[in-house]
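The structure under discussion appears below in the form of structure tokens.
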Amino acid sequence: MDGGLEGVVAAETVLTDIDGATGTWLLRGHPPGEVIAAYGYEGATALLWEGFARSGLTRAAIVEAFAAGRATAFARLPGWLSMARGRPIGEGVRSLLAALPDDSTPAEIAAALPVGIAALLRAERGAEPVPPDPRLATAADFLRMTTGTLAAPPLARALDAYLTVVIDNGLAASTFAARVIASTRASLASAVLGGYCALTGPLHGGAPGPVLDMLDAIGSVDNIDPWLERALDSGARLMGFGHRVWRGRDPRADALKATLLRLGPKVGRIGFAEEVERRAIAALHHRKPERVLETNVEFYTALLLEAVGLPRGLYAGLRARAERRLARACDGAAKDRPPHPPRRTLHRSRAEGGVRLATSLALNSRARNQTEVAARGQNTLLLALQNGGPHARGA
Ligand code: ACO
């Protein structure tokens, strides 16, 4: 077993069928283009949640449940927003999920995100939140709550396509994290919060913002090759390329590209981006001929969300959408079987001794529980540092 659990079968699932070698992505049997055209975000959520959140789910039922969830989230806004206002958007989303009650339903968790993120974006401009409209689907209502006016239908359709096509991608780091948390019988809100935290790193769902930073830094066609060579010489990763599972082309990247092109040939910086893409794949192939390093979903995610008019600081937050983590968290096998993969101890850690010491103190059970949780928090932090988390470099 290597550090990334490569080759370890961690779950059996009836959800998305993903084969990175053949480029297969089937959401309960449906390929990405079909899910976008025939189901949309709410219909895809119904497919994903069927048998987990409820049975007999339909697109209309999810539209209705999400509308009710947005109303609940809007009613709760004042308590949370005063604390989150003024913080970077990613931190705001983390606090939004942390503020959810433990007994929140799946629809309430999923619907809190568009309401909270729109309110955060408006707060950045000094504007008051706009109440949700229950007649609209999530993508259109999110854009309306963000700008205060109804979005042009092609933009709402493009955002809907994005939300639909990234709805599930198997046991990615964030969904795996959510599943681990749910397996201890922690609340769904806790599982989604943990999954979101795993998502935010730039090697995972945090990649789209840096994709745009990269396009900005390259600036012109003349600078593409020199910039890419310098970046690769310095050991940097090219954002939007490579994937833990997709060893060829990720079909979702192509579905998003097709969606982007439907917005019009002049939209955003598609021509320039395509040239960067072509040359980046060639440069990666030159450096790693034994490895297929292709465009991943985050490259066209970045371009699509930019074209829809959303700020780049928000992209990981948008991916925080709860529906995939909820389905994965509920997806049978891991429930009640918290994973405990074997590890080889290289040296004895002081924090482990600390946990034992803290739990052996004569405390009442409530204080003992909290002390143990705090001590184990230290242990978890230490393991994260050992695994090369970002703080390892900064400490
Ligand atoms: N740029 C430069 N080099 C790369 C890249 C890249 N984008 N991707 C992989 N490599 C290199 C690796 O450093 C490794 O080099 P080494 O053998 O000298 O150590 C080699 O190629 C082989 O790597 P893989 O095994 O194919 O990649 P791995 O599975 O380790 O990593 C990952 C996958 C983390 C996604 C990586 O490709 C990467 O960092 N990409 C850039 C960030 C990104 O776009 N993330 C979003 C992914 S999509 C998602 O998570 C939703």
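Take Ala198 and decide whether it is of a type in the set (Gly, Ala, Ser) and in contact with a Ser or Thr (Cβ under 6 Å, 6 or more places away or on another chain).
yes
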Would you mind stating whether Ala127 is among the hydrophobic types (A, V, I, L, M, F, W, C), in the same structural domain as Gly40 (by TED's automatic domain parsing) and in a loop (DSSP other than H, G, I, E, B)?
-> yes
Exception for Ala172 within (1) outside the structural domain of Pro101 (by TED's automatic domain parsing); (2) small (Gly, Ala, Ser); (3) near the ligand (Cβ under 10 Å from one of its atoms) falls at (1)
Do we have any residue at all in segment 240-263 that's near the ligand (Cβ under 10 Å from one of its atoms), modelled with pLDDT of 95 or more, farther than 28 Å from Ala152 by Cβ and assigned to a loop (DSSP other than H, G, I, E, B)?
-> no
Take the residues in segment 188-208 that are surrounded by 21 or more Cβ atoms within 10 Å (Cβ to Cβ) and within 12 Å of the ligand (Cβ to nearest atom), then tell me which one is farthest from Leu304 (Cα to Cα).
-> Leu199
Only one of Glu64, Glu124, Glu128, Glu91 is over 20 Å from the mean Cα position of the chain (by Cα), at pLDDT below 95 and not hydroxyl-bearing (Ser, Thr, Tyr), namely Glu124
Name the residues in segment 264-290 that are touching a residue at least 40 places away in the same chain (Cβ under 8 Å) and over 15 Å from Leu155 (Cα atoms), would you?
-> Arg269, Phe272, Ala273, Glu275, Val276, Arg279, Ala280, Ile281, Ala283, Leu284, Arg287
Restricted to segment 48-100, and to residues that are charged (D, E, K, R) and over 29 Å from Gly170 (Cβ atoms), which residue is surrounded by the most Cβ atoms within 10 Å (Cβ to Cβ)?
-> Arg76
Does any residue in segment 189-214 that is touching a residue at least 40 places away in the same chain (Cβ under 8 Å) come within less than 6 Å, Cβ to Cβ, of a residue that is within 12 Å of the ligand (Cβ to nearest atom) and of a type in the set (Val, Ile, Thr) six or more places away or on a different chain, and which pairs are these?
-> Gly206/Thr200; Pro208/Thr301
Within segment 56-115, track down each residue that is charged (D, E, K, R) and part of a helix (DSSP H, G or I).
-> Arg59, Glu64, Arg70, Arg76, Glu91, Arg94, Glu108
Regarding Ile36, is this residue farther than 20 Å from Ala112 by Cα and surrounded by 15 or more Cβ atoms within 10 Å (Cβ to Cβ)?
-> yes
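The values are calculated or read from the model by the stated rules, or taken from the named source; none is laboratory data. This structure is a prediction, so every number in the text was calculated from the model and none was measured. With ideal geometry, Cβ positions are generated from the backbone for all residues, glycine too; neighbour counts draw on all protein chains shown.
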